[in-house]
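Accompanying notes for the structure given below.
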Amino acid sequence: MKWTAQLLAAMALLAGCGGERTTTETAYDIHPRALALGEVSPSAEGKDLATLRRVTASFHDFDVAKHAGWSAPITDCMTSPAGGMGFHFGNPEFINGSVRVDEPELLLYEPESNGRMRLVAVEYIIPNADWHSAQPPRLFGRDLQPNAQFQVWALHVWVWENNPAGIFADWNPNVNCDHTTAVSTMSH
């Protein structure tokens, strides 16, 4: 598939952009067991989500996101029977072997009928080649999940579009690629 080749080429290019490898937990990391036992409050997750919304709010304007570094087209508009993801645009500076709440590696955009792109989510990724711990990377109190197809650890956060499947689900049934005229936006 075309988007697979694009992602693999982009990942190979970006793999050389790695910097110092760091741990991936934020100061507000919450383990699900700790929540169940009442050891911590879910407000830490809420604080991280508020930070994410704050740092990505200006990226509703696709041109602002491109100028801020999210200009590398990673995939075409992605859909599955479980829903959609939209187009993925990467910031090569952040694909460095670590993840931080305030530095999502990918922004996900759904095409609109008017040809514009609408910010719906972010995705945090770490290329498999850049992760050397026996433990999976973590963010928002969750393990990133291995994605064998793209050779990355990944976590989606549907911070700008309600997702009935859950804020951290891979696919969103509310997102579709019916308006793919926005593909031309990728080349700008």
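None of the figures in this text is laboratory data; all of them are computed from the coordinates on show. Fair warning: this is a prediction, and the values are worked out from it, not measured in the lab. Counting neighbours? That spans all protein chains shown, and the Cβs are built from the backbone with ideal geometry, glycine included.
Once the principal axes of the Cα atoms of region 95-134 are found, what is the range along each, listed largest first in whole angstroms?
45, 19, 14
Per residue, what volume in Å³ does the Cα convex hull of region 39-188 take up?
Working: hull volume 17.0 nm³, N = 150.
For region 39-188, the hull spanned by Cα atoms encloses 113 Å³ per residue.
Quick one: if you stick a label point 7 Å off each Cα along the C-beta vector at Arg53 and Ser71, how many nm between them?
Simple spin-label model gives 3.0 nm for this pair.
I want to verify the translational diffusion coefficient of region 127-183 in µm²/s; compute it with Stokes-Einstein, Rh as the Kirkwood radius over Cα pairs, at 20 °C and 1.002 mPa s.
Working: Rh = 13.3 Å.
The estimated diffusion coefficient comes to 162 µm²/s.
What FRET efficiency comes out for Asn174 versus Ala129 if R0 is 35 angstrom and r is the Cβ-Cβ distance? Round to the nearest 0.05.
Values: r = 33 Å, r/R0 = 0.95.
Here the calculated transfer efficiency is 0.55.
Between Ser43 and Asn114, what is 0.36 nm times their sequence separation minus the Cα-Cα distance? Round to one decimal in nm. All intermediate terms of the calculation are to be shown ahead of the outcome.
On the way: separation 71, 0.36 × 71 = 25.56 nm, distance 3.76 nm.
That pair, Ser43 and Asn114, stretches by 21.8 nm at full extension.
Amide H to amide H, which residues 5 or more places from Gly86 or on other chains are under 5 Å from it, using H placed in the peptide plane?
Under 5 Å from the amide H of Gly86 lie the amide H atoms of Met78, each far enough along the sequence or on another chain.
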